[in-house]
Amino acid sequence: MQTQRNEIVVLLHGLWMPAAVMLPLAWRLDGGDFRTRLFGYPSMRAGLLENAGRLARFVAALNAEKVHFVGHSLGGLVVLCMLGRESSLPPGRIVLAGSPYRDSYAGRVLAGNFIGRYALGRSIREWLDAPKPASFAGREIGVIAGSLGVGLGRVVATDLPAPNDGVVTVDETRLDAACDHIVLPVSHATMLVSRRVARQARAFLRDGRFDHGANN
């Protein structure tokens, strides 16, 4: 992939997090091949469609020829929701890191009571209950899953199916429309600071595939 001056990678955080948690990954992607931008959104208060709309407006304001996305957890779902609704976006590749596309076992356990439902926020609840977009015309999507089962999800759901990243199971990350999928020995939280994740995200954004021959 030839890098263009007007080519940007937008990074999206997950539930409960500020945009700044994506800075370590942005620093590792920035320069050389890519320019990065962080997109912050109200992961608790706003609904999924509202956040997808915010993202679409953010992308339009970039005025870039190509816009790629790296979304962690809920951030990846916001990207997919936007892609399913917007037809006039610039081209670009998408990396989903620990995004519970198919379902969220831990999320459904947490939603079993009023406090848990509130903690999940509107966006993730809407994703769990809505039909999942299944096709994304012209988009190359790569999925990174974690297999280090340490995290809050194991506290909420002690019987969280393995393998998992401590919050999301590997199976929950699978997306039929994805052109590549890789499992790395990282947890849901450490994806944000992992050199392995950054290396594989860079490989996919550059080549449209992960480097399965690397020392993962």
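The values are calculated or read from the model by the stated rules, or taken from the named source; none is laboratory data. Because the structure is a prediction, the values reported are computed rather than measured. Reconstructed Cβ throughout: ideal geometry from the backbone, glycine too, with neighbour counts over all protein chains shown.
Details
- In this structure, VAL197 does not qualify as modelled with pLDDT under 95 and either at positive phi or not in a loop (DSSP other than H, G, I, E, B) (or both).
- Among (1) buried (at least 18 other Cβ atoms within 10 Å of the Cβ); (2) in a helix (DSSP H, G or I) - the single one VAL155 does not satisfy: (1)
- Matching residues, segment 186-216, being loosely packed, with under 15 Cβ neighbours inside 10 Å and under 22 Å from MET17 (Cα atoms): VAL193, ARG195
- Residue count, segment 161-198 (criterion: free of Cβ contacts under 8 Å to residues at least 60 places away in the same chain and not hydroxyl-bearing (Ser, Thr, Tyr)): 18
- Of the residues making up segment 14-30, those that are of a type outside the set (A, V, I, L, M) and surrounded by 24 or more Cβ atoms within 10 Å (Cβ to Cβ) number 1.
- Selection of first residues in segment 104-119 that are within 16 Å of GLY151 (Cα to Cα) and of second residues that are among the small types (Gly, Ala, Ser) and surrounded by 16 or more Cβ atoms within 10 Å (Cβ to Cβ), restricted to Cβ pairs under 6 Å at least 6 apart or on distinct chains, gives the following pairs, ordered by first then second residue: TYR105/ALA157; ALA106/GLY153; ALA106/ALA157; VAL109/ALA157.
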